[in-house]
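The values are calculated or read from the model by the stated rules, or taken from the named source; none is laboratory data. As the structure is a prediction and not an experimental result, all values here were calculated from the model. Backbone-built Cβ (ideal geometry, glycine too); neighbour counts: all protein chains shown. Side chains included, ligands, DNA and RNA excluded: accessible areas come from the protein's heavy atoms. Shrake-Rupley method; radii C 1.70, N 1.55, O 1.52, S 1.80 Å.
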Amino acid sequence: PDDLRSATIGPLRRLIRRGGFDVVHTHLYRACVLGRIAARLAGVPHVVATEHGPEVVGSRAAYLATERLGRATIAVSPAIAGRLRAWGVPDSRISVIPRAVDTADFRYDPALRAAARARLGIPAAAPVIGAVGRLEPGHRFDRLIRRCGAGGTTPSANRRAVSRNAVWATIRCSGRTA
C-alpha cells in the first residue's frame, strides 16, 4: 500500500544499526510493519510492538507477516488483544498492558464539578460533553462537533464551522489551543 513504502526501510535500518540498540519498540500499524523489518535487518535481537487500535489502516497479511519478526505484541486493552487474536496473532505472542491511568483521579466530586463549571461559565444544570485531543481526522472530533450542530469534516473545517456556528458559544477550550 501507499503508506508502506519500502524506501523507508533502508534509512530506518541504517539509523537503528548506527544506534546499536538491543531493543526496538514500535507503536501502531505502519511503525510496527516497517519498524520490525528494519530492526531485524539491523540485527536487533529484541523487537516489541504496542498496538493501540482500534482501527488498522493497512493490510492484515503485511501485519501478520511482520508480526513474526518481533518477540511480542503488547495490546493496550483486552479489546485490542481480541482484535489481534481475530486477525490471527497467536495468543502466546500477545500481552495486555493497560494504559497507566488511575481512574480514582477521575471519580465524581461535586465540589470539583461546581468549581470547573464556575471557572468555565457553565450553568449548573447545563449538559456537558467532555473531549480531549487535537482537532485532527483520526480523533474523529468531526463526529462530536457535527452531533452538536457545527458540521465540520476536517480540522480546519471544524474550526471554521465551530467559530461561525451557534455551537461556538457553548464550547469551552480549557487547555492549550492553536
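Suppose we filter the stretch 92-118 for residues that are in contact with a Ser or Thr (Cβ under 7 Å, 6 or more places away or on another chain), surrounded by fewer than 15 Cβ atoms within 10 Å (Cβ to Cβ) and among the charged types (D, E, K, R); how many remain? Qualifying residue count, the stretch 92-118: 0.
Tell me whether the stretch 57-67 contains one or more residues that are open to solvent by less than 30 Å² (accessible area, probe 1.4 Å), more than 18 Å from HIS46 (Cβ to Cβ) and aromatic (Phe, Trp, Tyr). There is at least one residue in the stretch 57-67 that is open to solvent by less than 30 Å² (accessible area, probe 1.4 Å), more than 18 Å from HIS46 (Cβ to Cβ) and aromatic (Phe, Trp, Tyr). Looking only at the stretch 92-116, which residues are part of a helix (DSSP H, G or I) and at pLDDT 85 or above? Of everything in the stretch 92-116, those that are part of a helix (DSSP H, G or I) and at pLDDT 85 or above turn out to be SER92, ARG93, PRO110, ALA111, LEU112, ARG113, ALA114, ALA115, ALA116. The requirement of being open to solvent by 10 Å² or more (accessible area, probe 1.4 Å), touching a Phe, Trp or Tyr at 6+ places or on another chain (Cβ under 9 Å) and at pLDDT 90 or above is not satisfied by ALA72.
Give me a count of the residues in the stretch 27-46 that are more than 19 Å from ILE80 (Cα to Cα) and either touching a residue at least 24 places away in the same chain (Cβ under 8 Å) or open to solvent by 20 Å² or more (accessible area, probe 1.4 Å) (or both). Going through the stretch 27-46 one residue at a time, the tally reaches 12. Figure legend. Inter-residue proximity from the stretch 133-144: first residues among the basic types (Lys, Arg), second residues at pLDDT 70 or above, beta-carbon distance below 9 Å, spacing 6+ or different chains. Indicated pairs: ARG134/PHE141. Exactly one residue among VAL89, VAL24 is open to solvent by less than 40 Å² (accessible area, probe 1.4 Å), assigned to a loop (DSSP other than H, G, I, E, B) and at negative phi, and that residue is VAL89.
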